[in-house]
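The values are calculated or read from the model by the stated rules, or taken from the named source; none is laboratory data. Bear in mind that the values here come from a model prediction, so they are computed numbers and not experimental data. Cβ coordinates were reconstructed from backbone atoms using ideal geometry, including for glycine residues, and neighbour counts include every protein chain displayed.
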Amino acid sequence: MPCMNNDGVVNAADLSKLKALLKYKIGDVNRDGKINSTDITLIKNHISKKAILSDAVLWYADVNGDGSIDISDFMKLGNDYNIPY
């Protein structure tokens, strides 16, 4: 059975983690409540290995939802929010 904290049991700890994930929108990589050029820069730097995103924010950077952070996430974020890149 799937769970958020990998302990094999779905419980309040999983709900707490889900609530935290859903607090911000996908694309709000720095979780400041805004989706802007800072977020697209964080994705670009992660892709180019200039900086590595923490596990806590990888979910927000996966803009296209395919399970990996790559150029398609960078471009989708820029296109969806009209952020120049």
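Quick check on Tyr60: is it within 24 Å of Asn82 (Cα to Cα), touching a helix residue (DSSP H, G or I) at 6+ places or on another chain (Cβ under 7 Å) and among the aromatic types (Phe, Trp, Tyr)?
Numbers: within 24 Å of Asn82 (Cα to Cα): yes; touching a helix residue (DSSP H, G or I) at 6+ places or on another chain (Cβ under 7 Å): no; among the aromatic types (Phe, Trp, Tyr): yes.
Spelling it out, it is not the case that Tyr60 is within 24 Å of Asn82 (Cα to Cα), touching a helix residue (DSSP H, G or I) at 6+ places or on another chain (Cβ under 7 Å) and among the aromatic types (Phe, Trp, Tyr).
Could you please find all residues in the range 8-27 being assigned to a helix (DSSP H, G or I) and hydrophobic (A, V, I, L, M, F, W, C)?
Ala12, Ala13, Leu15, Leu18, Ala20, Leu21, Leu22
Taking into account only those residues within the range 28-85 that are in a loop (DSSP other than H, G, I, E, B) and β-branched (Val, Ile, Thr), which is surrounded by the fewest Cβ atoms within 10 Å (Cβ to Cβ)?
Within the range 28-85, the first condition is being in a loop (DSSP other than H, G, I, E, B), and the residues that meet it are 28-36, 48-54, 62-70, 81-85.
With β-branched (Val, Ile, Thr) added as a condition, the list becomes 29, 35, 52, 63, 69, 83.
Details: Val29: 26, Ile35: 21, Ile52: 10, Val63: 25, Ile69: 23, Ile83: 17.
This residue is Ile52.
If you check Lys17, Lys44, which single one turns out to be touching a residue at least 12 places away in the same chain (Cβ under 8 Å) and either more than 25 Å from Lys76 (Cα to Cα) or touching a Ser or Thr at 6+ places or on another chain (Cβ under 8 Å) (or both)? So that I can check it myself, show each step before the final result.
Values: Lys44 fails: either more than 25 Å from Lys76 (Cα to Cα) or touching a Ser or Thr at 6+ places or on another chain (Cβ under 8 Å) (or both).
After applying the criteria, what remains is Lys17.
Take the range 7-58 and flag every residue that is at pLDDT 95 or above and among the acidic types (Asp, Glu).
Asp28, Asp32, Asp39
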